[in-house]
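First the structure, in the form of structure tokens, and then the observations on it.
The values are calculated or read from the model by the stated rules, or taken from the named source; none is laboratory data. These numbers come from a predicted model, not from an experiment. As a convention, Cβ positions derive from the backbone with ideal geometry for all residues, glycine included, and neighbour counts pool all protein chains shown.
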């Protein structure tokens, strides 16, 4: 067990959008102590019932928590009219599929730590690769693999990884903090793995936990630092005036340049409606990696008027860039780039602009952190639209759906009464920007969009952008779509020569949820859609069914990582299927019902697929 010491940000008068411009503020940050992850046995807990879901903070999704507060982590008004497209062109090269293997799944999540976990959906993927190790993490479990795809560590629940009490102690009912939104990267400069989560205490206080490996071997231990993000004036945070008390530092994502490590969040009120704007944190990368006694940090609040767009909107999902080796921006004392989208602010759900953000003078983070400055510019692009839900291939093997409709079975899994549900659709995100990569002098990214195909049909797909950050012009852009189907949750990685990959989930009339990808280059754009692993059954998770949820969930993001000449991608898919009879029967190995031979949990069957691609 480690002892936790917080990384404090000094209290400053960052205000909401009506406030005048405020300069950034820097403070030294105190590092945490080291912890070496260890994995216990899988446990024998087979209880399924009222404590299956963590209702206090809505289990990572959107809904009503135990305080009666609806936590809405999106600001999109509604879906927009799809962008017109006829399909992707073939790129000049296609990556070679080198290997593909299963990552983590719902069963790993639910039964890690002796079964002292909640059932969680969506998974939300983190992937970092380096020094012969592949680390994949979701809500709320982690595995480590060697470069051949063999598990060398895990599954380990994230509460244990970060040194907390179990998410729920099923003997006493005691609950530890709620952890969500993992993200990670391997930094070539420092030869360290960085893993970040949002941790929500039962009091409402919440913080980013930043775990930095003590060496290039992630199995040898991490040092964990804590950055309070409730921004209500407590624990040294600024007071952003969130109604009801603490703010929520939701949806953390990370990037880095040569000098600083960046984490951005979407700031919502935790106990009331309200969105304040994206928060941008810059932290000394070298100090984090070296476990220094003092660690400088800078906080920018995009709700400050100086950062508003022409419509008065703050930033939303301001995603920082990860960089290919040799691709750091050295101009202006070192610069880190970010991208964000605009359609979520539109009443029509449609826009044709994105924003590029820049933090300059990053080389001053260790000596004069007050010199760091944030700016943004709006860039005109192709149109894109907030997507609607995505269908999946019709399937009869939906044992959770059938269990909910069966009175004895529904009682066994905690449903108050039988409900009759249709096959679930999948959430398709809200056109927020997804993973951003800096390579070959360009910024590469994509987002989810509605599409209108030439044959008159509609679906959901990806709008991608290749941007020159110096001219603030789009170099290439286009759409990835498949008639009769949907592609969701893009993750982008690009090598130094400008050849890249977009990973995603494929689902629709012809596909159960499957792990897909396409090539990407700056001259021609996206290539053909490939399926790395075909889904073998429909998604059958609790968020798609009454009475457990009023919003179908799928994922919030996938992940992609560059490692030497390879690009690794991770996407959500369905790698199992079973009948109601198999679901309702005890498994011979553990005696548990509702696991279909230890391939799923009672309330979900999501899985992930990790794929290595080469050029």
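Scan segment 444-462 for residues that are surrounded by fewer than 24 Cβ atoms within 10 Å (Cβ to Cβ) and at negative phi and jot them down.
Residues satisfying the conditions are 452, 453, 454, 455, 457, 458.
Kindly indicate whether residue 294 is at pLDDT below 95 and under 26 Å from residue 227 (Cα atoms).
yes
Hey, can you tell me all the residues within segment 189-198 that are touching a residue at least 60 places away in the same chain (Cβ under 8 Å) and buried (at least 18 other Cβ atoms within 10 Å of the Cβ)?
190, 192, 193, 194, 195, 196, 198
Any idea which of 185, 180, 172 is closer than 17 Å to residue 54 by Cβ and buried (at least 24 other Cβ atoms within 10 Å of the Cβ)?
180
Could you tell me whether segment 588-604 includes any residue that is closer than 30 Å to residue 498 by Cβ and surrounded by fewer than 21 Cβ atoms within 10 Å (Cβ to Cβ)?
no
Name the strands (runs of 3 or more DSSP E) wholly within segment 425-534 that hold at least 1 residues that are within 18 Å of the chain's Cα centre (by Cα)?
Answer list for segment 425-534: 436-439, 442-453, 458-468, 485-494, 499-508, 514-521.
Give 465, 504 a once-over and let me know the one that is over 21 Å from residue 97 (Cα atoms), in contact with a strand residue (DSSP E or B) (Cβ under 6 Å, 6 or more places away or on another chain) and surrounded by 24 or more Cβ atoms within 10 Å (Cβ to Cβ).
Only one candidate qualifies: 465.
Output the residues belonging to segment 316-350 that are within 22 Å of the chain's Cα centre (by Cα) and part of a helix (DSSP H, G or I).
Residues satisfying the conditions are 343, 344, 345.
On the given criteria, is residue 212 surrounded by 24 or more Cβ atoms within 10 Å (Cβ to Cβ), within 21 Å of the chain's Cα centre (by Cα) and free of Cβ contacts under 8 Å to residues at least 60 places away in the same chain?
no
Considering only segment 222-236, state which residues are buried (at least 17 other Cβ atoms within 10 Å of the Cβ) and not in a strand (DSSP E or B).
Answer for segment 222-236, where residues must be buried (at least 17 other Cβ atoms within 10 Å of the Cβ) and not in a strand (DSSP E or B): 229, 230, 231, 235.
Outside any loop (DSSP other than H, G, I, E, B), modelled with pLDDT of 95 or more, within 22 Å of residue 124 (Cα to Cα) and in contact with a helix residue (DSSP H, G or I) (Cβ under 9 Å, 6 or more places away or on another chain): does that describe residue 180?
Considered against the rule, which asks whether it is outside any loop (DSSP other than H, G, I, E, B), modelled with pLDDT of 95 or more, within 22 Å of residue 124 (Cα to Cα) and in contact with a helix residue (DSSP H, G or I) (Cβ under 9 Å, 6 or more places away or on another chain), residue 180 comes out as yes.
So which residues in segment 138-177 are over 22 Å from residue 556 (Cβ atoms), assigned to a loop (DSSP other than H, G, I, E, B) and touching a strand residue (DSSP E or B) at 6+ places or on another chain (Cβ under 7 Å), if there are any at all?
147, 149, 163
Touching a residue at least 12 places away in the same chain (Cβ under 8 Å) and over 20 Å from residue 390 (Cβ atoms), is that true of residue 476?
It is true that residue 476 is touching a residue at least 12 places away in the same chain (Cβ under 8 Å) and over 20 Å from residue 390 (Cβ atoms).
Just to check your reading of the model, which residue among 292, 287 is more than 30 Å from residue 484 (Cα to Cα) and within 26 Å of the chain's Cα centre (by Cα)?
Exactly one residue qualifies, and that residue is 287.
Can you find even one residue in segment 567-581 that is under 15 Å from residue 613 (Cα atoms) and assigned to a loop (DSSP other than H, G, I, E, B)?
The answer is no; no qualifying residue exists.
Could you please find all residues in segment 542-562 being modelled with pLDDT of 95 or more, under 20 Å from the mean Cα position of the chain (by Cα) and not in a helix (DSSP H, G or I)?
If the condition is that a residue be modelled with pLDDT of 95 or more, under 20 Å from the mean Cα position of the chain (by Cα) and not in a helix (DSSP H, G or I), then 557, 558, 559, 560, 561, 562 are the ones that fit.
Give 396, 352 a once-over and let me know the one that is touching a strand residue (DSSP E or B) at 6+ places or on another chain (Cβ under 6 Å), surrounded by fewer than 20 Cβ atoms within 10 Å (Cβ to Cβ), free of Cβ contacts under 8 Å to residues at least 40 places away in the same chain and over 30 Å from residue 186 (Cα atoms).
352
What residue, of 313, 296, is surrounded by fewer than 24 Cβ atoms within 10 Å (Cβ to Cβ), touching a helix residue (DSSP H, G or I) at 6+ places or on another chain (Cβ under 7 Å) and assigned to a loop (DSSP other than H, G, I, E, B)?
The match here is 313.
Which residues, taken from segment 99-137, are within 17 Å of residue 222 (Cα to Cα), out of contact with any helix residue (DSSP H, G or I) (no Cβ under 6 Å at 6 or more places or on another chain) and assigned to a strand (DSSP E or B)?
126, 127, 128, 129, 130, 134, 136, 137
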